[in-house]
Amino acid sequence: MAKASTGTLYRGREGMWSWVAHRVTGVGIFFFLLVHVLDTALVRVSPGAYNAVIDTYKSPLMAFGEVVLVAAIAFHAFNGLRVIAVDFFKGGTKHHKTLFWVAMGLWAVVMVGFLWRHIPNSLGGIF
Amino acid sequence: MSAPTIPAPRTGYQRSKAKGSSLELAAWLFMRLSGIILVVLIFGHLIVNLWMGDGVHRLNFGFVAGKLASPFWQIWDLTMLWLAMIHGTNGVRTIILDYAERPGTRLTLQMVLYAASAVVIVLGTLVIFTFEPCPTGADPSLLPSFCGA
């Protein structure tokens with residue numbers, strides 16, 4: 001990997017930061033996936049064991065974790081589709097910044113839709 | 001000090017023909033194809049398991065058993081498991097190859113990654129295919145309604 005100590009054409013702005021965020025969210029989602037397959041595998045142990053572990057996903061702290069998870073997944077999904085659009089469509093590279101902000105708009109719409117249901121669902125017992 | 005030799009225009013550079021395996025091209029293409037399918041599968045998974053009804057609060061053994069008793073969700077979950085694990089493993093492989101520089105570190109991290117991924121894919125696949133929605137001796141109140149008496 002190049003180790004440029006001076007600025008390059010590709011440093012900063014939408015192109016680089018979306019690449020950084022794609023890596024960070026990707027690694028985060030991957031490690032969650034490893035844990036999530038293991039916790040789901042408890043259905044093969046006993047109903048009680050599965051319920052005991054899945055109940056820990058229902059606390060307010062984990063509700064916040066689920067917001068972070070969905071935010072990461074939605075970002076990775078829409079930014080991934082943007083990468084595909086840049087790769088495969090003529091004019092994709094020219095309009096990559098517009099495509100990035102379209103992806104962020106879709107991300108915001110998904111987050112509003114998710115939080116609208118998730119906040120009352122997960123914190124309903126508190127208020 | 002001898003004068004540098006400058007090749008005549010348009011004779012010096014020859015683009016070498018692609019050689020070796022096309023594995024990296026296949027991996028690049030796989031990330032894009034599986035990515036598109038995973039957007040559908042994972043958004044559907046999140047809508048059903050985290051958004052509809054009482055969201056995360058309706059998750060329990062009975063809910064999962066009800067889903068995994070249906071071939072539709074078995075195929076859905078199996079496809080999602082394999083595509084997500086291979087997509088994620090290839091993504092982390094790319095990151096290891098980008099940032100780990102010593103050959104030993106690169107090899108070790110990749111071996112750990114592949115071992116962990118293989119265990120999770122095999123375990124997840126076994127769970128989907130050997131799942132018993134109505135295990136004998138279990139508390140009936142924890143089981144899906146179709147288990148009966």
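The values are calculated or read from the model by the stated rules, or taken from the named source; none is laboratory data. What you see is a predicted model; the values in this text were computed from it and never measured. Please note: Cβ atoms are built from the backbone with ideal geometry, for glycine as well, and neighbour counts cover all protein chains shown. These area figures cover heavy atoms from the full protein model, side chains too; ligands, DNA and RNA do not enter into them. Shrake-Rupley method; radii C 1.70, N 1.55, O 1.52, S 1.80 Å.
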Positive-end residue of A:ALA74, A:ALA108, A:ILE84, charge dipole of segment A:16-126 with Cβ unit charges:
A:ILE84
Any chance you could run the full-extension gain for B:GLN74 through B:SER141? It's 0.36 nm times the residue separation minus the Cα-Cα distance, nm to one decimal.
21.8 nm
If you take the accessible area of A alone, add that of B alone, and subtract the area of the pair, what total do you get in Å², probe 1.4 Å, to the nearest 100?
3600
Relative to chain A, whose Cα atoms define the longest principal axis, helix A:60-88 and its Cα axis are tilted in degrees, nearest 10, by 30
Can you give the FRET efficiency for B:SER22 and B:ALA118, using 1/(1 + (r/R0)^6), R0 = 30 Å, r = Cβ-Cβ distance, to the nearest 0.05?
0.80
Given a 1.4 Å probe and the protein chains all in place, what does the accessible area of A:LEU61 round to, in Å² to the nearest 10?
140
Near B:SER145, within a Cβ-to-Cβ distance under 15 Å, what is the net charge of the other residues, with Lys and Arg +1 and Asp and Glu -1?
+1
Straight-line reach only, C-alpha to C-alpha below 13 angstrom: list the aspartates and glutamates that A:LYS58 could link to, leaving out same-chain residues fewer than 8 apart.
A:GLU66, B:ASP54
Rolling a 1.4 angstrom probe over the protein chains, ignoring ligands and nucleic acids, what is the accessible area of B:TRP76 in square angstrom, nearest 10?
50
B:ARG32 versus B:THR125, label points 7 Å from Cα toward the beta carbon: distance in nm?
2.8
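Once the Cβ-Cβ distance between B:PHE63 and A:TRP116 is put in as r, and R0 is 25 Å, what FRET efficiency do you end up with, to the nearest 0.05?
0.70
Which order do B:THR89, A:THR40 take by accessible area at a 1.4 Å probe, largest first?
A:THR40, B:THR89
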Treating cross-link reach as a plain straight distance, find the aspartates and glutamates whose alpha-carbon is under 14 Å from the alpha-carbon of B:LYS67, omitting any fewer than eight places away in the same chain.
B:ASP77, B:GLU132
Give me the residues in segment B:50-71 whose solvent-accessible area, probe 1.4 Å, is reduced by at least 40 Å² once all protein chains are included instead of the chain isolated.
B:LEU50, B:TRP51, B:VAL56, B:HIS57, B:LEU59, B:PHE61, B:VAL64
Only helical DSSP H runs with n ≥ 4 go in: add -39500 (n - 2.57) per run for chain A, normalise by residue count and round the 222 nm mean residue ellipticity to 500 deg cm²/dmol.
-26000 deg cm²/dmol
Which whole DSSP H helices in chain B pass both tests: a Cα extent of 27 Å or more along the axis and a mean Kyte-Doolittle value no lower than 1.6?
B:23-46
What list of ³J(HN,Hα) values in whole Hz, one per residue of segment A:35-46 in order, does the Karplus curve 6.51 cos²θ - 1.76 cosθ + 1.60 (θ = phi - 60°) give from phi, with Gly and Pro shown as x?
5, 5, 5, 5, 5, 5, 4, 5, 4, 7, 8, 6
Among the aspartates and glutamates, which have Cα under 12 Å from the Cα of A:LYS97 when same-chain residues fewer than 8 positions away are ignored?
A:GLU14
Which of B:PRO103, B:PRO71, B:PRO133 fluctuates most in a GNM of chain B (C-alpha springs under 10 Å)? That residue is B:PRO103
Here FRET efficiency (C-beta to C-beta, A:ALA49 to B:MET52, R₀ 25 Å, nearest 0.05) is 0.50
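Carbon and sulfur together cover what percent of the accessible area of the protein assembly as shown at a 1.4 Å probe radius? Before the final figure, lay out each step's value.
Values: 12240 of 17130 Å².
Within the protein assembly as shown, the accessible surface is 71 percent carbon and sulfur.
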